[in-house]
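Q: Structure provided below as structure tokens; questions to follow.
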Amino acid sequence: MAAAVATNGAAVAADWPGRYHHIDQVLDTPGPRTDPSFQAGDEVKEFLRDKCKILVIGAGGLGCEILANLALSGFKDIHVIDMDTIDISNLNRQFLFRSKDVGKPKALVAAESIMTRVPGVKITPYYGKIQDKDEDYYMQFNLVICGLDSVEARRWINATLVNMVDPENPESLKPLIDGGTEGFKGQARVILPTISSCYECSLDMLNKPTAFPICTIANTPRLPEHCIEWASVLEWPRVHGDKKMDTDDPEHIGWLYKTALARAKEFNIEGVTYSLTQGVVKNIIPAIASTNAIIAASCCNEAFKIATSSAAYLNNYFMLIGTDGVYSFTFEHEKRPECPVCGGEAVDLTISKGMTVDKLIETLVERQDIQIKKPSLSSPTKQIYFQAPPQLEEATRPNLEKPVSELVEEGGEITVTATSLPFSLSLRIHYT
Amino acid sequence: MLQNESQTLDEATMSIQPDSKTRRYDRQLRLWAASGQAALESSRILVTAGSATSTSVLKNLVLPGIGHFTILDAAPTTPADAGNNFFLNANASIGKPRAEEAVPLLRELNESVDGVADTRDLEALLQTDEGRKYVTSFTLVIAHNLPAKTLEQLSTLLWQDPTYPPLMVVRSAGFLADFYIQFHEHCIIESHSETAPSLRLTKPFPALQAWADSTDYDKLDPTEHAHIPFALILIKEADKWRAEHGGALPKAYAEQKAFKADVRARQRKLDEENFEEAEAQAVRMWTEKAVSSDIQALLDAPPVDPRSSPNAAFHALLQTLRAFVHDPAGPGCLPLTATLPDMKTDTESYVRLQRMYKEQARVENARFKELLKEKFPDLPIEEAVVDAFVKNSHHIKLLRGRPFGAFDRDAEALASALQIFPKETATHLAFTALSALLARGTEVTAEALTAGVQDLVGPDVELPDELDAAVGELARAPTADLPNTAAFLGGMVAQEAIKLLTKQYVPVNGYCVVDLVDSWTGTVGAPQ
């Protein structure tokens, strides 16, 4: 680890004449659409190469690409965070890794690889979670780029950066560039915390995850997926008790596959395969090098334009669909006034007088624009229901059965929190 | 029987652990399957330069596992190359042949890919028979920022014979780029269209109709009633509607609304999800056609003689499809696809319905094969290809291309494109003007580029304001291969190459234009 953190000192200041011939063409001259504030020449180069500090979150499919693009573009002080280790299924796209690297931390291997290939760039890796770091840590960067596959992590960093904004201190506003891919599709966006639409504002644009009703799984399976869900959701805990299922353990997947296949035979359902079993229980999303390259390049291009002002940056959403020709759509996603992270207004929710607290929680979990797992609820005067600690959970549990109208008056507010998210949501309750 | 079944299960689990190749490629096999992977692995790709854009494209082709690549590049590595290309050993590569420096660094991305550096000169190769034979021996040729004259020679050569490889022409400068795929014809069986194939609910096959007829709502208990598959509900409702409306199905919006209301009125209890589903799926009753307009256009086009086409199998299958649709003994529409969507029903009904569809699809597949044999008795086509064609006959695609540059010589098409897609067309034309200026060795200025574009479109055509943005950017950075633009193109060009090679999904037809100042892409100049 120490070796990886050390800079490749010998190579520092290794700029050779002509190294930036290509990039300097756009840094020495403005274009027709360049903002007049652009400081062409030495000033912008010095900022980019000597002063700008950038954070990359994720060293996977997008992260590997992002690190290489930033290094070649002239960013020299790059930090990278990733909590994962390298798996063989990463090698079809995560081009900084080789077979011999399987099992090693992605952040460390990626940093090492870039520093070997691009002299003079310093990459500081951190093998761990973004939640390990505090605001002081994030405050040191000029820009943050995310290449993540997790909605939860994105919501966390988005909320953290929005919370960090201090109107008195312009330096506290850290542009966030976020990329994501799925098969031949992807998107890149620029978020100026508190100023433009944030990640939370667009939560309802996410595809709804396929969820199979438990009664279908238990009683009327029709698809191979229903049999696989039965094996993992119902049979695994029944047979293995408290033993935790590890979807990376081939023996566990093998057991699920066998169990699902037997159920499928019983019901004359075709199509249960090992690959499908893995896909369903691990929620595998197809991923290829080319889409990652496009989206990562788009993110880095925006970072480069923001850092140098050499051209206007994206306002604020680029969406790509590559299945039928090349289709892309660039648009401005609007801020949501009732966004719990950057909006400040309460969400109005109209429910029936009889709706129980339990049912309200279920509604919050399911709503596309809220998507809050295990929410805790309170009103300004009382605790309605708390998921933790256990004593508080036990004390508030009887409220689950009560109608909300017994606890909150018409027009009253409920504050919703969850441990996984660094923000709270305000609901204003109305009754039909 | 039980014993047998458990044996099969054990056997199945013996070999379930996928091999390391399947594990490595798992995330892409979910997109193009083993057939697409095999096509990639048998491909041989020629790239005519070792520029940053070229190695970015190659990276995204080596990773998923093409068979072979050759970098044809006579140039030594310059200090500028060493600064913008990840697949060189930085300043240690300066002065050494670019191709030879890049190939080992690309090969280490994937041990199963073969790669070769060729330091001969492309222009010289194009002058000899042997050289031309070599260039045409690849599966695909990719050319980035080739000088205008060499590009002209290369594209002309590759257009000469439809069996020669397609050519991808990539041009970039600074934040802008465009690329074009030159091919005569591209046939796609697996387009992976997301529109659902017909369930033939407006024209049920006999077994399906019989089941619908024998379903009597009044004789079903509440559980059965709540589990009638939506397909049956819609067939029954359509029969009733036809009887009351002179044999016609709902057409006008009011009729469609009334039909949906009728479906919903059959619901006995509010929680009968199958009727809700039927209402939501009712749209099938007025949108489904025997043959979609896209496929109809293919069937109506003048037939191509398979014996004289490099895509013999596809054309034979297409003509058989036409015969199938017109076959008096057939269903009068495209062959049935056996894949059913999920429906709110019980296991038994669903499996029964699935078997019905499968059986009917099997019968129609067999009839299709008979027709194929009658029409093309001597043409060998793999059975798997026929099966894939029949299964995907709702989504087959046939793209017809034009030679590179034909659009730029088509004054009428240019004038119209400038009206409809001003920024895309202007950017594309600015690139054509740029390569002409670079070929002449004239200084690249916005004025010179604008004059070049005016020459291309003719003096009477008014140039759009959008042209200023394009020529200004090109004049700013006429030879800049920016790392981010290179990486962006590397992804796009590789993606299109993969679609070409696997013959899956639909490649772009026309000039794909990229503007990374305003972050947009667009396509112009598609053949009509």
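The values are calculated or read from the model by the stated rules, or taken from the named source; none is laboratory data. Given the structure is predicted, the values throughout are model-derived calculations rather than measurements. For neighbour counting, all protein chains shown are included, and Cβ atoms are generated from backbone atoms with ideal geometry for every residue, glycine included.
Q: Which ones in segment B:495-507 are at the interface with chain A (Cβ under 7 Å from one of its Cβ atoms) and either within 16 Å of B:N145 (Cα to Cα) or surrounded by fewer than 24 Cβ atoms within 10 Å (Cβ to Cβ) (or both)?
A: B:V506
Q: When you look at A:N301, is it at negative phi, in the same structural domain as A:G183 (by TED's automatic domain parsing) and part of a loop (DSSP other than H, G, I, E, B), yes or no?
A: For A:N301, the condition - at negative phi, in the same structural domain as A:G183 (by TED's automatic domain parsing) and part of a loop (DSSP other than H, G, I, E, B) - is not met.
Conditions tested, residue by residue: (1) aromatic (F, W, Y); (2) loosely packed, with under 14 Cβ neighbours inside 10 Å; (3) touching a Ser or Thr at 6+ places or on another chain (Cβ under 7 Å).
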| residue | (1), (2), (3) |
| --- | --- |
| A:V165 | no, no, yes |
| A:E168 | no, yes, no |
| A:P175 | no, no, no |
| A:Y199 | yes, no, no |
| A:M205 | no, yes, no |
| A:T210 | no, yes, no |
| A:W230 | yes, no, no |
| A:W236 | yes, no, no |
| A:K243 | no, yes, no |
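Q: Hey, another quick one. Consider B:L298 against the criteria (1) modelled with pLDDT under 95; (2) within 18 Å of B:G332 (Cα to Cα); (3) surrounded by 15 or more Cβ atoms within 10 Å (Cβ to Cβ): it satisfies all of them except one. Which criterion is unmet?
A: (1)
Q: If you don't mind, there's one more thing I want to ask. Identify, from the list B:D481, B:D465, the residue that is surrounded by fewer than 21 Cβ atoms within 10 Å (Cβ to Cβ) and either among the charged types (D, E, K, R) or within 10 Å of chain A (Cβ to nearest Cβ) (or both).
A: Values: B:D481 fails: surrounded by fewer than 21 Cβ atoms within 10 Å (Cβ to Cβ).
Just one listed residue meets the conditions, B:D465.
Q: How many of the residues making up segment B:83-100 are closer than 26 Å to B:A124 by Cβ and facing chain A (nearest Cβ under 9 Å)? Reasoning before the result, please.
A: Filtering segment B:83-100 down to residues closer than 26 Å to B:A124 by Cβ leaves B:85, B:87-88, B:93-100.
Narrowing the set further to residues that are facing chain A (nearest Cβ under 9 Å) leaves B:85, B:87-88, B:94.
So the count comes out to 4.
Q: Next question, about the same structure. Across segment A:270-288, which residue is farthest from the chain's Cα centre (by Cα) among those that are over 22 Å from A:D249 (Cβ atoms) and more than 7 Å from chain B (Cβ to nearest Cβ)?
A: A:E270
Q: Out of A:D204, A:D248, which single residue is over 16 Å from A:V280 (Cα atoms) and under 25 Å from the mean Cα position of the chain (by Cα)?
A: None of the other options fit; the residue is A:D204.
Q: Tell me yes or no: at least one residue of segment A:275-284 is of a type outside the set (A, V, I, L, M), part of a helix (DSSP H, G or I), out of contact with any helix residue (DSSP H, G or I) (no Cβ under 8 Å at 6 or more places or on another chain) and buried (at least 24 other Cβ atoms within 10 Å of the Cβ).
A: no
Q: Mind checking which residues of segment A:289-321 are of a type in the set (V, I, T), more than 7 Å from every other protein chain (Cβ to nearest Cβ) and buried (at least 22 other Cβ atoms within 10 Å of the Cβ)?
A: Passing the criteria: A:I295, A:T308.
Q: Shifting gears a bit: So, in segment B:366-382, exactly how many residues are closer than 19 Å to B:A207 by Cβ and crowded, with 20+ Cβ neighbours inside 10 Å?
A: Here the count works out to 1.
Q: Shifting gears a bit: From the list A:D358, A:D348, A:D324, which residue is facing chain B (nearest Cβ under 9 Å) and surrounded by fewer than 18 Cβ atoms within 10 Å (Cβ to Cβ)?
A: None of the other options fit; the residue is A:D324.
Q: Kindly provide the set of residues from segment B:349-381 that are closer than 29 Å to B:A39 by Cβ, acidic (D, E) and in contact (Cβ under 8 Å) with a residue 12 or more places away in the chain, ordered by number.
A: Within segment B:349-381, B:E364 is the sole residue that qualifies.
Q: Further question: Restricting attention to segment B:90-100, does a residue exist that is assigned to a loop (DSSP other than H, G, I, E, B), surrounded by fewer than 24 Cβ atoms within 10 Å (Cβ to Cβ) and among the small types (G, A, S)?
A: yes
Q: Would you tally the residues in segment B:469-500 being farther than 18 Å from B:T521 by Cβ and not in a helix (DSSP H, G or I)?
A: Going through segment B:469-500 one residue at a time, the tally reaches 5.
Q: Can you tell me which residue among B:T150, B:T202 is part of a helix (DSSP H, G or I), surrounded by fewer than 21 Cβ atoms within 10 Å (Cβ to Cβ), in contact (Cβ under 8 Å) with a residue 12 or more places away in the chain and of a type in the set (V, I, T)?
A: B:T150
Q: Still on this structure, please answer the following. For segment B:108-133, which residues satisfy the criterion of being touching a helix residue (DSSP H, G or I) at 6+ places or on another chain (Cβ under 7 Å) and part of a loop (DSSP other than H, G, I, E, B)?
A: Passing the criteria: B:L109, B:N110, B:V113, B:T119, B:L126.
Q: Failed condition for A:T419, given (1) within 30 Å of the chain's Cα centre (by Cα); (2) surrounded by 13 or more Cβ atoms within 10 Å (Cβ to Cβ); (3) of a type in the set (V, I, T), with all others met?
A: Unmet condition: (2).
Q: Of B:A384, B:A361, B:A415, which residue is in a helix (DSSP H, G or I) and either in the same structural domain as B:D460 (by TED's automatic domain parsing) or of a type in the set (V, I, T) (or both)? Write out each step before concluding.
A: On the way: B:A384 fails: either in the same structural domain as B:D460 (by TED's automatic domain parsing) or of a type in the set (V, I, T) (or both); B:A361 fails: either in the same structural domain as B:D460 (by TED's automatic domain parsing) or of a type in the set (V, I, T) (or both).
Residue meeting the stated conditions: B:A415.
Q: Kindly indicate whether any position in segment A:355-368 is closer than 10 Å to A:I414 by Cα and not polar (S, T, N, Q).
A: No, the conditions are met nowhere in segment A:355-368.
Q: Failed condition for B:T78, given (1) surrounded by 23 or more Cβ atoms within 10 Å (Cβ to Cβ); (2) at the interface with another protein chain (Cβ under 9 Å from one of its Cβ atoms); (3) among the polar types (S, T, N, Q), with all others met?
A: (1)
Q: Quick check on my filter: what residues within segment B:281-308 are in contact (Cβ under 8 Å) with a residue 24 or more places away in the chain, part of a helix (DSSP H, G or I) and more than 29 Å from B:E185 (Cβ to Cβ)?
A: Within segment B:281-308, B:Q281, B:R284, B:M285, B:W286 meet the criteria.
Q: While we're looking at this one, here's another question. Would you point out the residue of segment B:28-73, among those that are assigned to a loop (DSSP other than H, G, I, E, B) and over 21 Å from the mean Cα position of the chain (by Cα), that is farthest from the other protein chains (Cβ to nearest Cβ)?
A: The extreme case among them is B:T48.
Q: Is it true that B:H315 is surrounded by 13 or more Cβ atoms within 10 Å (Cβ to Cβ) and either more than 30 Å from B:A261 (Cβ to Cβ) or under 19 Å from the mean Cα position of the chain (by Cα) (or both)?
A: Here the answer is yes, as B:H315 does meet what is asked.
Q: Within segment B:508-528, how many residues are among the aromatic types (F, W, Y) and within 7 Å of another protein chain (Cβ to nearest Cβ)? Full working, then the answer.
A: To start, the set of residues in segment B:508-528 that are among the aromatic types (F, W, Y) comprises B:511, B:520.
Of the ones still in play, those that are also within 7 Å of another protein chain (Cβ to nearest Cβ) are B:520.
So the answer is 1.
Q: Same structure, new question: Of the residues B:F431, B:F421, B:F488, only one is under 21 Å from B:V57 (Cβ atoms), in contact with a strand residue (DSSP E or B) (Cβ under 6 Å, 6 or more places away or on another chain) and at pLDDT 95 or above; which?
A: B:F431
Condition check ((1) in the same structural domain as B:V390 (by TED's automatic domain parsing); (2) buried (at least 18 other Cβ atoms within 10 Å of the Cβ); (3) out of contact with any helix residue (DSSP H, G or I) (no Cβ under 8 Å at 6 or more places or on another chain); (4) not in a helix (DSSP H, G or I)) across all residues:
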{"position": "B:D178", "(1), (2), (3), (4)": "no, yes, no, yes"}
{"position": "B:H186", "(1), (2), (3), (4)": "no, yes, no, yes"}
{"position": "B:P197", "(1), (2), (3), (4)": "no, yes, yes, yes"}
{"position": "B:W211", "(1), (2), (3), (4)": "no, yes, no, no"}
{"position": "B:D218", "(1), (2), (3), (4)": "no, no, yes, no"}
{"position": "B:E224", "(1), (2), (3), (4)": "no, no, yes, no"}
